[in-house]
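Have a look at the structure below before the remarks.
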Amino acid sequence: MSTDAEKPWTWPEAVWRAKVDHVRAGRSLAPKQWKNGARCAVALSFDSDHETIELRFGGNSHGKMSQGQYGARKGSPRILKLLERHGVPATFFMPAVSAMLHPEEARAVVATGHELGIHSWIHEFNSKLDHVTERDLALRATETLEKLSGRRPVGMRTASWDFSPYTLKVIREMGLLYDSSLMADDEPYELLDQGEATGIVELPVEWIRDDAIYFNMDRMASLRPYTGPETVLNIFRRELDMAHEEGGLYVLTMHPHHIGHRSRIFILDEIIRHARSLPGVWFATHEEIARYCAAEAGLRQPG
C-alpha cells in the first residue's frame, strides 16, 4: 500500500500509529495538591516576540516591525510594572534576536524575579528546519539568553507552538526541565517520545488562552480578528474559574505588543485580581510549577 504523505487514507496502520506516537502525552503530572496546599496553580506567561514576528518573514515591513517594537518600548515595561504592583511572578519567553535587540528587557525580567525561557532564535518555524539546524538554533538561543540574563533557561516554548518531528529530541539533548508548546491536556503531563517516558514536563497551552488569536491583525491579509477586551477577559476568567473548580493548572499566554496596550492591560490586572479573590491560588513561574510537578511525581530533574 502507498504511504504517500498526500494520501493518508492509503497508509497502513503502522504508519499512522507511528506518526501519532512520535510525540504523545504520557502520564498526568497533576499533583494531588499544589504547593503549600493551594487548590490551583496560575502560570502567567508573556511571549516577547517584538520585531521577530516580521523578521522571520524577511523583515520587509517596517510598519509591522514598529508594531513589534511597541511591545518592547511600552508593553513589557507596563506589564513588569503591573506584576511588581501585584507581587506575582511570571515567565517571559523571548526569541534570542528579540533579546539582543532589547537586552535591557531580558535583564529586567530576571532581575525582578521572573523567569526567562527559550522561544526560538528569530521566531522561525521548527517544522521547516532539519534536525541539525533546529538544534543549532535552540542551543544558540539558549546561550544568548544565558549570556544576557546571567541565568541558563530550563524550559522552552516553540515559536507559534510549532513542534517538529525533531523538537522533542532537541529538548532531550539539551536536558531541559519542561516544554510549554503542546495542547493534549489542561494539566501538566509527561512527554512520551515514541512511547518512551522522557521525564520532560509539559505545561500545556491552548489558543483559547492566548491573546493573539483575539487581537492579532494583518491589514494586507485576511487575518483581521478583533474581539472586544471585555469579551477576552470573560473567556480568560471562565477558564480560570474552571481551573480553580477542578483544582488544576491555569496557563495564560500573552504578548507585550497585544496585551500591553492601554485599552487591554486591564485584562491582566483583572485576571490577577480575580485569581487573588479565589481561595488557595498559587502564582508561580513555569519553572517552579514544572519542578514541583516533577518532584511530586518522582521524575528525575535535570540540573
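Nothing in this text is a laboratory measurement; each read-out follows from the coordinates by a stated rule. Just so we're clear, the structure is a prediction, and the values are computed from it rather than from any experiment. Positions of Cβ are generated from backbone atoms using ideal geometry, with glycine treated the same way; all protein chains shown enter the neighbour counts.
Points worth noting:
- The trypsin sites (Lys or Arg not before Pro) of segment 152-246 that DSSP puts in a loop, and whose beta carbon has at most 10 other beta carbons within 10 Å, are R219.
- Relative counts (whole %) of C-alpha pair distances in segment 80-150, using bins that are 5 Å wide: 3, 18, 26, 20, 14, 10, 5, 3, 1
- Segment 21-297 - share of DSSP beta bridges that are antiparallel (%, nearest 5): 25 percent
- Counting only lysines at least 8 places from K64 when in the same chain, those with an alpha carbon closer than 27 Å to its own are K74, K81, K128.
- Most mobile of H62, H102, H244 in a GNM of the chain (Cα contacts under 10 Å): H62
- Set of aspartates and glutamates near K19 by C-alpha distance (under 12 Å), chain-local residues within fewer than 8 positions excluded: D193
- Where only DSSP H runs of four or more residues are counted, the chain gives -12000 deg cm²/dmol as its mean residue ellipticity at 222 nm, each run worth -39500 (n - 2.57).
- Shape of segment 1-119, Cα gyration tensor, a/c cut at 1.5: oblate
- Cut-off 13 Å between beta-carbons: net charge of the residues surrounding V97, Lys and Arg +1, Asp and Glu -1: -3
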